[in-house]
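A.B. asks: First the structure, which I've put down as structure tokens, then a few questions once you've had a look.
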Amino acid sequence: MIDSGRESKAYLVGGGIASLAAAAFLIRDGGFPGENITILERLPLPGGSLDGSGSAEQAYVTRGGRMLEDEAYTCLWDLLETVPTLDDENVSVREETTDFNRRWPTDAKARLIDRDHRILDASQLGLDNHDRLELARLLVLPESVIGARRIDEFFSEHFFATDFWTMWRTTFAFQNWHSAIELKRYFLRFLQEFPRIHTLAGVRRTRLNQYDSIVRPIVAWLTDRGVHFEHGVTVTDVDFTEQSGIRRARRLHLERSGGPATVELAELDLAFITLGSMTADAALGGDDTVPELIRDKRDGSWTLWETLSRKAPDFGRPAVFNGNIAEGAWESFTLTMHSPALLKRIEEFSGNVPGTGALMTFKDSPWLLSVVVPRPPHFAGQPDGVFTLWGYGLFLDSPGDHTGKAMAECTGREILTELLGQFGFEDIADEVHSTTTVTTVMMPYITSQFARRDDRDRPRVIPHGARNFAFLGQYVEIPEDVVFTVEYSVRGAMHAVHQLLGLDLPVPPVHHALTDPAAVLNALRTALG
């Protein structure tokens with residue numbers, strides 16, 4: 001157990017939500033002095049994958065938006081109940097988010113759209129008895145039996161043609177070749193979403209993008225308590241010692257201001273190390289440019305893990321997750337619109353209440369395009385008369401219906417052309433193109449955490465024998481929990497802080513939908529309907 005008094009210092013490698021949460025828990029739960037906490041980040045801004053930036057003049061961009069949910073996100077809500085909003089110190093981020101979703105609940109009325117621009121009745125999931133048996137089989141198999149097998153090893157072709165699979169995969173970004181273990185965990189965590197997968201009524205959204213609504217308030221809260229943020233710092237290695245089965249982190253190796261440096265860790269100091277990054281090497285494109293698909297690991301988050309993994313067999317195997325870019329990449333895009341023309345047509349076509357954040361998927365699109373219209377303003381300072389839309393495509397290499405080109409080869413304008421064609425809105429194309437700026441983002445590792453794996457590939461949050469260090473992020477192993485969620489990073493941070501400090505405080509349990517009889521009954525009715 002580490003003394004959280006004034007002699008101890010904590011160093012957090014990476015400035016993403018996992019490190020921010022760990023810093024908050026050190027202070028709130030462990031009584032750790034904020035001035036003894038340092039967050040080391042290569043990028044100029046904190047927040048990691050929870051981003052949102054730009055301006056009305058030069059265009060806005062978010063690489064992605066993580067869905068939130070009441071039942072499953074217990075650790076995140078626990079954190080956000082502590083943090084006040086930037087606008088009112090008497091209102092927590094949790095309260096603001098709850099109020100926003102009460103006023104603007106998600107209710108998708110055009111969840112699936114076909115090639116003829118028709119809205120499908122997505123409440124009919126399309127599952128037959130064979131599909132249901134395959135679902136049940138996956139749910140009862142232990143993870144040790146499933147192993148490193150693909151989703152498509154457990155389901156027939158009919159299952160992958162159902163509306164259910166189209167909605168599930170585009171809500172959570174699954175590919176057929178992803179880990180069957182991860183899909184099973186998602187089914188168990190989000191079983192309560194089965195009856196509302198066609199409306200997404202269970203999705204919770206922040207008032208602004210997640211950088212402005214979550215990251216900035218946490219950073220302000222930490223800064224007020226003396227936490228140090230060092231940007232432009234890349235941690236390249238960590239030295240460990242082991243004696244009688246006890247392992248300690250002793251030294252951090254850094255690149256700072258263009259030169260090497262070290263941080264010596266005293267006996268009572270702590271190190272929290274984020275491994276990997278799903279948005280590492282993300283590259284931007286614009287109206288007339290194509291984003292690069294970076295393959296040579298220019299971001300230090302992966303190279304750090306690769307270096308550490310060679311020091312101990314239980315530090316994980318990063319090559320499992322970063323070794324197949326073709327299976328982990330997809331592309332997103334943000335439209336910045338200075339005319340309401342497109343949004344008005346979308347509202348008229350879909351019947352969606354303006355700004356309710358309802359995901360729409362073009363089921364027959366060769367790119368499997370999905371888009372969502374957030375309620376404005378979606379960015380801090382976004383002026384009236386400026387609107388945004390976010391979308392992504394799961395399939396990068398198939399020629400588009402309206403461009404004849406793969407999504408990965410398209411400029412922003414070409415992606416906008418494809419989108420308008422999928423909607424059947426070619427008649428307003430001239431106005432939309434002349435008043436819209438498109439920012440694209442290619443992300444080579446965005447779903448890499450869904451890679452097929454076994455129980456040796458991800459390290460534990462607290463490796464065996466570790467006394468003063470922990471691993472954080474989307475690539476650690478948290479039994480039963482689901483990756484590609486903000487909750488996963490926050491839960492790992494809470495485990496790390498509570499265990500290293502020896503705190504006798506409960507970590508909210510992982511939500512198990514099967515323990516809720518009403519959720520199980522509703523899911524069964526939906527699946528059998």
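A.B. asks: So, in the range 418-451, of the ones that are charged (D, E, K, R) and touching a residue at least 24 places away in the same chain (Cβ under 8 Å), which residue ends up farthest from I294 (Cα to Cα)?
C.D. replies: Residue satisfying both the conditions and the ranking: E431.
A.B. asks: Sticking with this one: Out of all the residues in the range 140-165, which are open to solvent by 10 Å² or more (accessible area, probe 1.4 Å) and in a helix (DSSP H, G or I)?
C.D. replies: Listed by number, the residues that qualify are V140, E143, S144, V145, D152, E153, E157, H158, F160, D163.
A.B. asks: Out of all the residues in the range 447-462, is one or more in contact with a Pro (Cβ under 8 Å, 6 or more places away or on another chain) and in a loop (DSSP other than H, G, I, E, B)?
C.D. replies: Within the range 447-462 (the criterion being in contact with a Pro (Cβ under 8 Å, 6 or more places away or on another chain) and in a loop (DSSP other than H, G, I, E, B)), the answer is yes, since at least one residue qualifies.
Here's the yes/no breakdown for (1) among the charged types (D, E, K, R); (2) buried (at least 24 other Cβ atoms within 10 Å of the Cβ); (3) not in a loop (DSSP other than H, G, I, E, B):
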{"site": "E7", "(1), (2), (3)": "yes, no, no"}
{"site": "L20", "(1), (2), (3)": "no, yes, yes"}
{"site": "G31", "(1), (2), (3)": "no, no, no"}
{"site": "I39", "(1), (2), (3)": "no, yes, yes"}
{"site": "P44", "(1), (2), (3)": "no, no, no"}
{"site": "E57", "(1), (2), (3)": "yes, no, no"}
{"site": "G65", "(1), (2), (3)": "no, no, no"}
{"site": "W77", "(1), (2), (3)": "no, no, yes"}
{"site": "E89", "(1), (2), (3)": "yes, no, no"}
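A.B. asks: Enumerate the pairs (first residue in the range 298-319 and under 20 Å from S19 (Cα atoms) and modelled with pLDDT of 95 or more; second residue anywhere and assigned to a helix (DSSP H, G or I) and of a type in the set (D, E, K, R)) with beta-carbon separation below 9 Å, excluding pairs fewer than 6 apart on the same chain, so at least 6 apart or on different chains.
C.D. replies: Hits for this filter: P318/E306.
A.B. asks: Which of (1) at pLDDT 95 or above; (2) in contact with an Asp or Glu (Cβ under 7 Å, 6 or more places away or on another chain); (3) part of a loop (DSSP other than H, G, I, E, B); (4) open to solvent by 50 Å² or more (accessible area, probe 1.4 Å) does R413 not meet, given it meets every other one?
C.D. replies: Against the list (1) at pLDDT 95 or above; (2) in contact with an Asp or Glu (Cβ under 7 Å, 6 or more places away or on another chain); (3) part of a loop (DSSP other than H, G, I, E, B); (4) open to solvent by 50 Å² or more (accessible area, probe 1.4 Å), R413 comes up short only on (3).
A.B. asks: Something else about it: In this structure, is D397 within 15 Å of L369 (Cα to Cα) and without any contact (Cβ under 8 Å) to a residue 24 or more places away in the chain?
C.D. replies: Yes: the conditions hold for D397.
A.B. asks: Looking at (1) free of Cβ contacts under 8 Å to residues at least 60 places away in the same chain; (2) within 30 Å of L359 (Cβ to Cβ); (3) among the small types (G, A, S), which is the one condition that is false for G259?
C.D. replies: Unmet condition: (2).
A.B. asks: Could you check the range 243-297 and list, in sequence order, the residues that are surrounded by fewer than 17 Cβ atoms within 10 Å (Cβ to Cβ), charged (D, E, K, R) and more than 22 Å from T307 (Cα to Cα)?
C.D. replies: E267, D288, E292
A.B. asks: I need the full set of residues from the range 463-481 which are part of a loop (DSSP other than H, G, I, E, B) and either under 21 Å from the mean Cα position of the chain (by Cα) or not small (G, A, S) (or both), in order please.
C.D. replies: P463, H464, R467, N468, G473, Q474, Y475, V476, I478, P479, E480, D481
A.B. asks: Let me ask something else. Among residues belonging to the range 116-132 that are farther than 19 Å from S156 by Cα and aliphatic (A, V, I, L, M), point out the one that is surrounded by the fewest Cβ atoms within 10 Å (Cβ to Cβ).
C.D. replies: For the range 116-132, the residue satisfying everything is I119.
The values are calculated or read from the model by the stated rules, or taken from the named source; none is laboratory data. The shown structure was predicted, so the numbers you read here are calculated from the model rather than taken from an experiment. Here Cβ is always computed from backbone atoms with ideal geometry, including for glycine, and neighbour counts include all displayed protein chains. Protein only, heavy atoms only, side chains kept; ligands, DNA and RNA dropped before computing areas. Shrake-Rupley method; radii C 1.70, N 1.55, O 1.52, S 1.80 Å.
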